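Below is one structure. I have some questions about it.
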Amino acid sequence: MSGQCKEWGHGLCARASAPKVAAATRSRHPSSLMPFPALCRPTTLLALMACLSAPALVCAADDAPTGTRDTRVARSFELGYESIRLPAGERLGLMSGTLLFDVGDGWWFGPAVHGAAAGERGGLFVGGAAVERHWLFGPRWEGTASLFVGGGGGAGAPVGGGLMVRPAASLLYDFGPLRAGASVSYVRFPSGDISSRGFGIVLAWDGSYR
């Protein structure tokens, strides 16, 4: 090959090697990214928000001075399901996932996502953030009050501009490895036609990061 390069000139060799260089470039920098619809799935959004939120808090804890002070950051993952009513009596089941971090004095904050799990609106999802206040009632009972604010839509749901506001309250019992209980909420899309009280169930797991 080197002899042919000398005989034919460097220009032809450059053209011959271009496909290999382009293939190597494509292997290092893929041109086909994840399709947009896959990014819109509630489970994918929840995983992305969790990955984006957790490292910053972990790094902040790792950078803290070492010593006797506990540098762990408490976190809680909540999974919920509730049923709400849409216009014309249509029922919609919403599943939610929330990743919360302890910010002190009983307050928790983190990303959350809600998506249609039952009914005729498959594809509806809303991503945003939630803030919660926790109270303990005895050794095993816990009450929470929360507010979620986010945006989304899909499946032709009457959400207007997509802004969703959801205040809620829950009562949970500590079973040891997890907490479970019931919730009541009010789901509202201010610029749309959805405004409904919801009743559901909640599961929660606690842990910590260093």
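The values are calculated or read from the model by the stated rules, or taken from the named source; none is laboratory data. It should be emphasised that the depicted structure is a prediction, and the values quoted were computed from it without experimental measurement. Cβ atoms come from the backbone with ideal geometry, glycine included; neighbour counts cover every protein chain shown.
Within region 155-172, track down each residue that is surrounded by fewer than 18 Cβ atoms within 10 Å (Cβ to Cβ) and either in contact (Cβ under 8 Å) with a residue 40 or more places away in the chain or under 22 Å from Ser83 (Cβ atoms) (or both).
Passing the criteria: Ala155, Gly156, Pro158, Gly160, Gly162, Val165, Pro167, Ala169, Leu171.
Which condition from (1) farther than 23 Å from Tyr186 by Cβ; (2) at pLDDT below 90 is the one that Asp105 breaks?
(2)
A further question follows. Hey, could you check region 87-144 for residues that are surrounded by fewer than 22 Cβ atoms within 10 Å (Cβ to Cβ) and among the aromatic types (Phe, Trp, Tyr) and say which is farthest from the chain's Cα centre (by Cα)?
Phe137
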